[in-house]
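Undergrad: The structure is given below, and queries will be raised subsequently.
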Amino acid sequence: MGSIVRLDPERDGLIPPEAKIEKIATGFKFTEGPLWKPNGVLWFSDVVGNVVRQWSPDGKVLEILNPGGADNPGYAPPGSFIGPNGMAMGKGGVVLLCQHGNRRIVQIGPDSKVSALLDRWEGKRLKSPNDLVSSQDGAFDLPDQPDVWV
């Protein structure tokens, strides 16, 4: 496992000095949007693979949502970045997920049911939502994404 090169000692408050980089799984095309869930598992997006996956501390990797970001991926050339991307915990244990190909934000409930949350703002369709942040009260923001609207 690799060590972390420290360019700013102020970061030691965020990353302990003894921390090491560890590869926990392989075989994915392009990963993004990691989200640690309260139960200790890690959800992440395989953007090109169009899948949301879950890694657990026992080393198992499961598909959580397939397709994850484009319900009809046939319109895009193979290898396109149309899948799921950024995630955040929402109110009541839901996961908020950016879907590139579907051009929307969805919520995935504790029962794994997926429902659309936002696909338009002020009459304009989302373009390709990438990242989001949420607060405990359920509000969320799409930071630094000036090209989100079409």
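Undergrad: Of all residues in segment 1-25, which are open to solvent by 100 Å² or more (accessible area, probe 1.4 Å) and not in a strand (DSSP E or B)? If you could, list the steps in order and put the result at the bottom.
TA: Start the filter on segment 1-25 by keeping residues that are open to solvent by 100 Å² or more (accessible area, probe 1.4 Å), which leaves 1, 5, 7, 9-11, 14, 18, 20, 22-23.
Passing the criteria: Met1, Val5, Leu7, Pro9, Glu10, Arg11, Leu14, Glu18, Glu22, Lys23.
Undergrad: What single numbered condition from (1) farther than 26 Å from Gly27 by Cβ; (2) over 12 Å from the mean Cα position of the chain (by Cα); (3) in a strand (DSSP E or B) fails to hold for Leu62?
TA: Looking at each condition in turn, Leu62 falls short on (1).
Undergrad: A follow-up question, please. Is at least one residue of segment 107-121 free of Cβ contacts under 8 Å to residues at least 24 places away in the same chain, more than 20 Å from Pro38 (Cβ to Cβ) and among the acidic types (Asp, Glu)?
TA: Yes, some residue in segment 107-121 is free of Cβ contacts under 8 Å to residues at least 24 places away in the same chain, more than 20 Å from Pro38 (Cβ to Cβ) and among the acidic types (Asp, Glu).
Undergrad: Another question, if that's okay. Quickly run through segment 85-130 and pick out the residues that are outside any strand (DSSP E or B), charged (D, E, K, R) and closer than 15 Å to Gly68 by Cα. Explain how you work it out, then say what you get.
TA: In the first step, residues of segment 85-130 are kept if they are outside any strand (DSSP E or B); the result is 90-94, 100-103, 109-113, 119, 122-123, 127-130.
Within this subset, residues satisfying the condition of being charged (D, E, K, R) are 91, 103, 111, 113, 119, 122, 127.
Arg103, Lys113 - these are the residues of segment 85-130 that are outside any strand (DSSP E or B), charged (D, E, K, R) and closer than 15 Å to Gly68 by Cα.
Undergrad: Further question: Just name the residue that is surrounded by the most Cβ atoms within 10 Å (Cβ to Cβ) out of those in segment 26-48 that are of a type in the set (Gly, Ala, Ser) and touching a Gly at 6+ places or on another chain (Cβ under 6 Å).
TA: Out of the qualifying residues, it is Ser45.
Undergrad: Applying the selection to segment 98-150, what residues are open to solvent by 70 Å² or more (accessible area, probe 1.4 Å), at pLDDT 90 or above and at positive phi?
TA: Ser112
Undergrad: What pairs can you find where one residue is in segment 65-77 and within 23 Å of Leu96 (Cβ to Cβ), the other is exposed (fewer than 14 other Cβ atoms within 10 Å of the Cβ) and at pLDDT 85 or above, and their Cβ atoms are less than 9 Å apart, with a gap of 6+ or different chains?
TA: Note: pairs meeting the criteria are Leu65/Ser112.
Undergrad: Can you name every residue in segment 50-87 that is open to solvent by less than 50 Å² (accessible area, probe 1.4 Å) and of a type in the set (A, V, I, L, M)?
TA: Val51, Val52, Leu65, Ala70, Ala76, Ile82, Met87
The values are calculated or read from the model by the stated rules, or taken from the named source; none is laboratory data. Everything numeric in this text was worked out from a predicted model, so none of it was measured. Quick reminder, even Gly has a Cβ in these numbers, built from the backbone with ideal geometry, and neighbours come from all protein chains shown. Keep in mind that these areas ignore ligands, DNA and RNA; they rest on the heavy atoms of the full protein, side chains included. Shrake-Rupley method; radii C 1.70, N 1.55, O 1.52, S 1.80 Å.
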